[in-house]
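Here the structure comes first, spelled out in structure tokens, and everything after it is commentary.
The values are calculated or read from the model by the stated rules, or taken from the named source; none is laboratory data. Remember, predicted model here, so these are calculated numbers, not experimental data. Quick reminder, even Gly has a Cβ in these numbers, built from the backbone with ideal geometry, and neighbours come from all protein chains shown. Side chains are part of the model used for accessible areas, which takes the heavy atoms of the whole protein and leaves out ligands, DNA and RNA. Shrake-Rupley method; radii C 1.70, N 1.55, O 1.52, S 1.80 Å.
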Amino acid sequence: MSVAPGVGSLAAALRIQNVVKSSRRWMQEQQYRPWTLRSLKLQPLSPVPSDIEISRGQTPKAIDLLAREIGLLSDELEAYGRAKAKVRLSLLHRLRAQPDGKYVLVAGITPTPLGEGKSTVTIGLVQALTAHLKLSSFACLRQPSQGPTFGVKGGAAGGGYAQVIPMEETQFDIAVASEIMAILALTDGLADMKERLGRMVVGTSRTGRPVTADDLGVTGALAVLMKDAIKPTLMQTLEGTPVFVHAGPFANIAHGNSSVLADKLALKLVGEEGFVVTEAGFGADIGMEKFFNIKCRASGLRPHVVVLVATVRALKMHGGGPSVSAGSPLPREYIDENLKLVEDGCSNLKKQIQIAHLFGVPVVVALNVFKTDTEAEVDLVCRIAKDCGAQDAVACHHWAQGGRGSVELAKAVKNAAQQPSHFQFLYDLQMPIVEKIRTIAQKVYGAEDIELSPEAEAKIAYFNEQGFSTLPICMAKTHLSLSHMPDKKGVPTGFVLPIRDVRASIGAGFIYPLVGTMSTMPGLPTRPCFYDIDLDPDTEEITGLF
């Protein structure tokens with residue numbers, strides 16, 4: 001068949017034009033996509049219903065819609081039903097040139113049985129930032145463990161009108177103290193995770209040489225087991241703003257923070273003007289210290305602001321208020337106005353602000369308000385906090401009002417993030433293991449000194465011989481006191497911190513001393529919550545959760 005002169009050249013030119021258009025379209029797809037997020041409306045009720053009733057009263061967006069709204073591509077998502085999905089790590093490569101957003105850490109005062117509400121503050125803050133101030137923001141939370149859910153404490157996914165939905169989805173059950181959990185939380189990718197898994201020391205040879213998972217030939221099998229767990233889970237708040245839920249180490253027996261990968265993915269997705277809000281477990285002396293000295297070393301990320309959570313009634317306990325027990329009526333001291341107890345308890349708040357300042361990061365105090373708090377008590381805490389060096393101190397009402405109740409906190413965090421941050425680590429990794437432990441004990445906890453058992457001394461000598469001495473320290477200590485004595489509230493002084501044993505998680509990359517009688521296996525209450533949890537086989541409705 002004959003071809004008219006010039007037709008072949010025209011066809012080639014059209015093909016080239018199509019290739020150019022396809023390439024340009026592909027390049028555009030690789031670039032950062034501004035958010036088109038539509039928030040979900042809240043209609044808070046008074047009195048506030050139970051958490052499960054609130055959760056079921058809100059219809060979440062389809063997860064693929066939320067993913068599109070925040071700039072995810074369809075091939076970066078693995079849906080698990082309608083309301084949650086795994087996000088693939090290829091996103092980090094696609095947005096590698098995108099500047100990170102602002103990095104905010106939520107920590108707290110020394111916790112009490114009365115609860116402080118760090119998770120609700122975290123969720124209320126991102127709801128306020130995105131649904132009300134129209135700023136891109138992401139919450140990064142740990143996965144609620146089966147221990148708390150089937151035990152007695154909160155589910156670590158917020159509450160009231162500041163929670164992650166649907167709240168019935170708790171599905172990650174690796175032990176909160178295991179080294180594999182710590183590796184999952186600290187790794188920055190599949191290759192790094194596989195290397196860390198292989199480095200795990202599982203025993204000692206007869207000649208005293210560490211035996212690793214690699215020596216046993218199980219590294220590949222472990223990596224296969226974890227290949228899906230490494231991907232953060234995308235969920236949403238009650239107001240339809242995005243949340244990454246990933247990893248779940250406790251802060252008293254592990255390092256107590258959600259994953260490095262979730263934070264890194266979120267920081268790319270929010271854009272340069274956006275915010276990523278992540279939470280550290282328990283008090284600032286434990287979760288925050290480990291966030292800075294362990295997680296920030298692993299990630300290379302540097303925080304812009306610390307949000308320090310407190311409540312009036314928890315401060316009253318630190319000020320000398322009576323002890324409480326689950327299920328019993330609150331003593332009058334926690335219901336009636338008592339400025340003396342509040343003022344005395346602010347010693348703990350002051351200490352935690354000072355701990356944050358050791359790392360050179362601005363602090364905003366979030367006072368989680370309860371209906372029994374009086375205006376005078378709230379004003380007193382905010383004034384003392386600012387006098388103690390906090391950038392700002394704000395009363396928060398997110399539990400009863402959702403994001404609208406945390407707008408002032410969001411504004412304070414935005415302002416603080418514009419201030420210069422002079423972040424620094426507490427200790428140099430080249431310091432001897434004993435000196436790193438002593439530095440944390442004295443500068444963070446306020447101890448006069450440390451006391452090593454013979455077993456701890458022997459372990460430290462062994463770790464030095466094996467070349468592990470440059471690892472950071474992850475203290476296994478009670479979360480209920482700045483000291484090693486759970487009943488010592490406020491700011492204990494004059495104590496010597498006993499180090500019973502020292503162990504190493506080489507794959508995760510830290511040394512963990514055991515302080516006092518601290519156990520690495522938390523116990524359940526005498527009557528666990530699982531007695532109340534049930535499933536209706538006809539409606540598939542879950543009862544008994546919170």
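Structure notes:
- Database remark: amide H of Ala447 closer than 5 angstrom to the amide H of Gln442 (H placed geometrically; neighbours at sequence offset of 5 or more, or on other chains; Pro and chain starts carry no H).
- Counting only DSSP beta bridges whose two residues both lie in the chain, roughly 45 percent are antiparallel.
- In the chain, Cα pairs under 8 Å separated by at least six residues give a relative contact order of 18 percent.
- Built amide H within the under 5 Å cut-off of Val305, gap 5+: Tyr103, Leu105
- When the stretch 49-128 is described by a simple charge dipole with +1 on each Lys and Arg Cβ and -1 on each Asp and Glu Cβ, the residue from Pro99, Thr112, Pro60 located farthest towards its positive end is Pro99.
- In the stretch 280-417, the portion of solvent-accessible area held by carbon and sulfur atoms comes to 49 percent [1.4 Å probe, whole percent, DNA, RNA and ligands not counted].
- Using a cut-off of 31 Å between Cα atoms, the listed pairs Lys41/Lys371; Lys231/Lys443; Lys118/Lys268; Lys102/Lys436 include Lys231/Lys443 as exceeding that distance.
- Other residues whose C-beta falls under 13 angstrom from the C-beta of Glu179 contribute a net charge of +3, scoring Lys and Arg +1 and Asp and Glu -1.
- Of the trypsin sites (Lys or Arg not before Pro) found in the stretch 200-298, those that fall in a DSSP loop while having at most 13 other beta-carbon atoms within 10 Å are Arg206, Lys227.
- Neighbour net charge for Ser90 - beta-carbon separation under 9 angstrom, K R +1, D E -1: 0
- Distance-filtered residues of the stretch 460-494 - backbone nitrogen under 17 Å, label point 7 angstrom along Thr207 Cα→Cβ: 465-467
- Identified option (computed semi-axes √(5λ) of the Cα gyration tensor in Å; candidates (1) 40, 39, 19; (2) 42, 28, 18; (3) 40, 31, 23): (3)
- Where only DSSP H runs of four or more residues are counted, the chain gives -9000 deg cm²/dmol as its mean residue ellipticity at 222 nm, each run worth -39500 (n - 2.57).
- Average accessible surface area per residue within the stretch 268-320, 1.4 Å rolling probe, Å²: 16 Å²
- Residues Arg500, Arg82, Arg313, ordered by accessible area of protein heavy atoms at a 1.4 angstrom probe radius and largest first, appear as Arg82, Arg500, Arg313.
- Its relative contact order, with pairs defined as Cα atoms under 8 Å and 6+ residues apart, puts the stretch 306-411 at 29 percent.
- Estimated inter-spin distance, Asp536 and Lys340, nm [label 7 Å along Cα→Cβ]: 5.2 nm
- Remark: the Gln43-Thr470 segment gains 148.4 nm on full extension, using 0.36 nm per residue and subtracting the alpha carbon distance.
- At an R0 of 41 angstrom, the distance between the Cβ atoms of Lys134 and Gln424 translates into a FRET efficiency of 0.75.
- In the complete set of protein chains, residue-level accessible area for Thr219 is approximately 10 Å², probe 1.4 angstrom.
- Close amide H partners of Asp501, meaning residues 5 or more places away or on another chain with modelled amide H under 5 Å apart, are Leu514.
- Loop-resident sites, the stretch 339-410, for trypsin sites (Lys or Arg not before Pro), counting at most 14 other Cβ within 10 Å (DSSP): Lys371
- Each residue of the stretch 502-510 is assigned a 3J(HN,Hα), and the resulting list reads 9, 10, 9, 10, 5, x, 5, x, 7 Hz, derived from the Karplus form 6.51 cos²θ - 1.76 cosθ + 1.60 (θ = phi - 60°), x at Gly and Pro.
- Zone residues, the stretch 35-69, relative to Tyr80, backbone N less than 16 Å from point 7 Å out along Cα-to-Cβ: 63-64
- Average Cα contact separation per residue, the stretch 227-319, under 8 Å, 6 or more apart, as relative contact order %: 20 percent
- Near Leu133, once Lys and Arg are set to +1 and Asp and Glu to -1 for all other residues with Cβ below 9 Å from its Cβ, the sum equals +3.
- Gain on full extension, evaluated as 0.36 nm per residue between Ala12 and Leu330 minus their Cα-Cα distance, stands at 106.3 nm.
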